[in-house]
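What follows is a single structure, written as structure tokens, with notes after it.
The values are calculated or read from the model by the stated rules, or taken from the named source; none is laboratory data. Only a predicted model underlies this, so the values are computations on that prediction, with no experimental measurement involved. Backbone-built Cβ (ideal geometry, glycine too); neighbour counts: all protein chains shown. Accessible surface areas use protein heavy atoms only, side chains included; no ligands, DNA or RNA. Shrake-Rupley method; radii C 1.70, N 1.55, O 1.52, S 1.80 Å.
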Amino acid sequence: MVFRFMAMLLALVLGPTVASAIVNVDQAMLDPEQEGLTHFGNLSLDGARGNTNKQAVKADWLSRYRRGQNTDFLYAEYSFGKSSGRTDANRLFAHLRHRTQFAERWAWELFGQYGRDPFARLALRVLTGGGLRYVLTEPTGENAAYVGLGAFHEWERLSPQIGTTDRRSNLPRLNGYLVLEHRFNAQVRLNAIAYFQPAVRDPADYRLLAQGCLKIRMNEHLDWQVRLDYGFDARPPQAVKSSDLRYSAGLSLQF
């Protein structure tokens, strides 16, 4: 049953394509098994010379600390790209979260987030919030599943552009999410997460964010991963498309 839900989420991610970044599922949203401090890093480089001149770099980093029933993590992601000598990507995102497990299946969470993406007219996005998380399936066998419900307040400043009139946004949103994992064996696992974030005052103003990640364990510290991120904004900034699809493949280092 859980695996079927995951397949549906991945079908959504692969479907027709403004997403704010969402936190990597495997290292952050799932409960860690080990105590103490753990770090994860990813780096990808792409380039072409000749008929097409293009350079791109994407890096992300996660530090996670677990002590008893408390887990903290800091996640940061940066991507930069040029095509034919012109910058076409310059995106930055950071997310800080605290989680306390206060019952066998229940935890409360607090989080803060910062982001910018000038090519989506996002000069600044800051949000703070919290909520509750419930463990649907204990992460001890093939499957794990979590559901969360909370709220956050969001502040946005948009870059001016000819033909646009919107500049700022300041509003509360509800925040619901579903996290799923399926382990095929000790080396291969599939994760999926979906967020639904409607505005409190106007539910028709909502965002849908989804991520799928397939990981193949190469050794104790190294994974090969393929990741897809999809986002839909029912009311995006003027001159910005309502949907966005991003994908990446590469190595993930844990130490």
field: Average accessible area per residue (Å²) across the chain - probe 1.4 Å, nucleic acids and ligands excluded
entry: 51
- request: Would you please name the trypsin sites (Lys or Arg not before Pro) within the stretch 166-239 that are DSSP coil residues with at most 16 other C-beta atoms within 10 Å of their C-beta?
  value: Arg167, Arg201
- prompt: Given R₀ = 30 Å, FRET efficiency for Ile216-Ala239 by Cβ-Cβ distance, to 0.05?
  reply: 0.15
- request: Go through Phe102, Ser79, Leu208 and say which Cα lies farthest out towards the positive end of the charge dipole of the chain; charges sit on Cβ, +1 for Lys and Arg, -1 for Asp and Glu.
  value: Ser79
message: So for the stretch 69-195, averaging the separation of alpha carbon pairs under 8 Å that are six or more residues apart and normalising by length, what relative contact order in percent results?
response: 16
field: Förster-model FRET efficiency, 41 Å R0, Glu33 and Asp166, C-beta, rounded to 0.05
entry: 0.35
task: With a 1.4 Å probe and every protein chain kept in, tell me what percent of the accessible surface of the chain is carbon plus sulfur.
output: 60
- request: Take the Cα atoms of the chain, build their convex hull, and give its volume per residue in Å³.
  value: 135
- request: Calculate, for Arg67 and Ser248, the FRET efficiency according to 1/(1 + (r/R0)^6) with r their C-beta to C-beta distance and R0 41 Å; round to the nearest 0.05.
  value: 0.85
message: Compute the distance from the alpha-carbon center of the stretch 140-180 to that of the stretch 90-136, in whole Å.
response: 8
statement: In deg cm²/dmol, rounded to the nearest 500, the helical mean residue ellipticity at 222 nm of the chain, built from -39500 (n - 2.57) for every DSSP H run of length 4 or more, is -1500 deg cm²/dmol
- line: The local net charge around Ser84, scoring Lys/Arg +1 and Asp/Glu -1 for residues other than Ser84 whose Cβ lies under 13 Å from its Cβ, equals +3
- request: Compute the length gained on full extension between Val126 and Leu45: take 0.36 nm times their separation in residues and subtract their Cα-Cα distance, giving the result in nm to one decimal.
  value: 26.3 nm
query: Counting other Cβ atoms within 10 Å of each Cβ, which trypsin sites (Lys or Arg not before Pro) in the stretch 52-145 have at most 13 and sit in a DSSP loop?
result: Arg105
statement: Net charge near Asn53 (other residues with Cβ under 13 Å of its Cβ; Lys, Arg +1; Asp, Glu -1) is +2
- prompt: Cα-based Rg (one decimal) and Dmax (whole number) for the stretch 126-255, in Å?
  reply: 18.0, 54
query: In debye to the nearest 20, how big a dipole does the chain give about its Cα centre with +1 on each Lys and Arg Cβ and -1 on each Asp and Glu Cβ?
result: 720
task: Using only the Cα atoms of the stretch 90-182, construct the convex hull and provide its projected area averaged over every direction, in square nanometres to one decimal.
output: 7.4
field: Charge tally in the Cβ shell below 15 Å around Asp72, where Lys, Arg are +1 and Asp, Glu are -1, Asp72 excluded
entry: +3
